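Below you'll find the structure, written out as structure tokens, and then a few comments.
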Amino acid sequence: MSQLLVEYPLTRPDACDNPLARGADGVLRYGNLTPAVTELLDLQVHAFAGREAVVEIGGPRLTYRELWHSASRIAGGLQEHGIGYGDRVAVHMPPGARWVQAFLGALLSGAVPVLVHDGLPAEVAERVIADSSTDFVLGAGGAGGSDAPLPDGAAFIDDGAALGDLALLCYTSGTTAPMGVELTNENLLSAIRSVVAALDLPTDGLRNLMLLPLAHASGCVDQLLPTFAVGGTVVLAPDTRRLTETLVAERIDMVSATPRIFTRLLPELARLRTDGLDTEGITRVSNAGHRAERAAAAAEPANLTAALRDMFPAARRWSVWGATETSGIGLAVDDDTDAPSGADAVLGFPFGGTELALWGPQAQVGHGELLCRGPNVSCRYWNDPKSTADRFTGSWFHTGDQVTIDADGLVRSGLSA
């Protein structure tokens, strides 16, 4: 049977908000973005200079002014090492405040940060650094990287970037041969705008306990940057055994993690409720992950959605699906949404300009491989034209996920009727 590409137009009125308009290439785009991520963040630094930007439990606490100043000095140090516009700078260190400083320093230097997860096997990390043709490595991964001095020089901020410029190289996870995904300023800014709107993030001092890996799109693009975009505080807890203390002492009102991490923390969260900890102040819970994360969570005996509802009864709880190629976003569902049988297979509704298509012989009847396009979707892999040709059809990205799209636009994994 022949393969068909069948588009599934947006049917929900809130899926396409007013700032989005269709471009000449057919992709929905935001029309009022700043030219670059650094410019958006610079505006927030001036608006919230004295507010805490990042808190590492047991480590540094930095205001927006302090974070921006330290990052600009790292950028100046990179400049003194000959790093400039378009060069690749790998960020390869454990998560924490220094990771955030290094990442922003690479951005401010005009370079392209390359995210290298510190938990990767050494040979895989070396392969990523070599594949990206990295010009400079911040940190060395593991314990040594946490204490390695960062470049330091006269404060510098490169302000010449444009929407279409490459802003981040983020490598796919879950494989022995990660592929570098090119994400432009437009991809990142669109993802930020989409998350802020979908999760209704406030500007009155949101304190987001981030338990996701910073070196993945779900952590960096979908939580770190949107929290900064609303002048919020990113709280990082390297030791989750201090979860109770962190929730109380840091006045947390949002918790973000992957299904796998939430599942691992369920016993600790259950103890919080048993001990009478008041979690009414937590108003948002974001459960984000790609298909491998969801499969791992579904394999657990506990019903994660029900458990999170019990742990955080006052919170709105979202499950967000995405791939590195879609800047980590694309589908979301409020966990209070009534879903048909097999709720564990629900991936969500498209949001933020993401549009869907199906590929395959049954595409016309709602079954097939999920394709996505939108302002957040990459258009190519780094240095890999064959994979780019295999996974992109025009502006459509082939996710590799076999799904069913219901009449109301809800996407579910698998091909069940």
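Tabulated data
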{"item": "Residue match in the stretch 169-178 (condition: farther than 30 Å from PHE351 by Cα, part of a helix (DSSP H, G or I) and touching a residue at least 40 places away in the same chain (Cβ under 8 Å))", "result": "no"}
{"item": "Which listed residue is on the phi > 0 side of the Ramachandran plot and of a type outside the set (A, V, I, L, M), from GLY180, GLY205, GLY232, GLY219", "result": "GLY205"}
{"item": "Residue among ALA307, ALA292 that alone is at pLDDT below 90, at negative phi, part of a helix (DSSP H, G or I) and within 17 Å of the chain's Cα centre (by Cα)", "result": "ALA292"}
{"item": "Test result for VAL221, closer than 25 Å to ASP204 by Cα and in a helix (DSSP H, G or I)", "result": "yes"}
{"item": "Breaking point among (1) surrounded by fewer than 21 Cβ atoms within 10 Å (Cβ to Cβ); (2) not in a strand (DSSP E or B), for ARG193", "result": "(1)"}
{"item": "In the stretch 271-288, residue nearest to ALA249 (Cα to Cα) [restricted to those that are of a type in the set (Gly, Ala, Ser) and not in a strand (DSSP E or B)]", "result": "GLY281"}
{"item": "Residue within the stretch 7-28 that is buried (at least 24 other Cβ atoms within 10 Å of the Cβ) and either in contact (Cβ under 8 Å) with a residue 24 or more places away in the chain or farther than 20 Å from GLY164 by Cβ (or both) present", "result": "no"}
{"item": "Close pairs from the stretch 275-296: first surrounded by fewer than 17 Cβ atoms within 10 Å (Cβ to Cβ), partner modelled with pLDDT under 85, Cβ under 7 Å, at least 6 apart", "result": "LEU277/THR244; ALA292/GLY174"}
{"item": "Scope the stretch 196-218; condition touching a helix residue (DSSP H, G or I) at 6+ places or on another chain (Cβ under 8 Å) and either among the basic types (Lys, Arg) or part of a strand (DSSP E or B) (or both); matching residues", "result": "ASN208, LEU209, MET210"}
{"item": "Restricting the stretch 359-378 to residues that are touching a helix residue (DSSP H, G or I) at 6+ places or on another chain (Cβ under 8 Å) and of a type in the set (A, V, I, L, M, F, W, C), the residue that is surrounded by the most Cβ atoms within 10 Å (Cβ to Cβ)", "result": "VAL377"}
{"item": "Hits in the stretch 226-247 (condition: modelled with pLDDT of 95 or more and either over 22 Å from ASN376 (Cα atoms) or part of a loop (DSSP other than H, G, I, E, B) (or both))", "result": "VAL230, GLY231, GLY232, THR233, VAL234, VAL235, LEU236"}
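The rows are residues; the columns are (1) among the hydrophobic types (A, V, I, L, M, F, W, C); (2) surrounded by fewer than 16 Cβ atoms within 10 Å (Cβ to Cβ); (3) at pLDDT 95 or above.
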residue	(1), (2), (3)
ARG98	no, no, yes
PRO113	no, no, yes
ALA143	yes, yes, no
ALA161	yes, no, no
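The values are calculated or read from the model by the stated rules, or taken from the named source; none is laboratory data. What you are looking at is a predicted structure, and each value in this text was computed from that prediction instead of being measured. We place every Cβ from the backbone using ideal geometry, glycine too, and count neighbours over all the protein chains shown.
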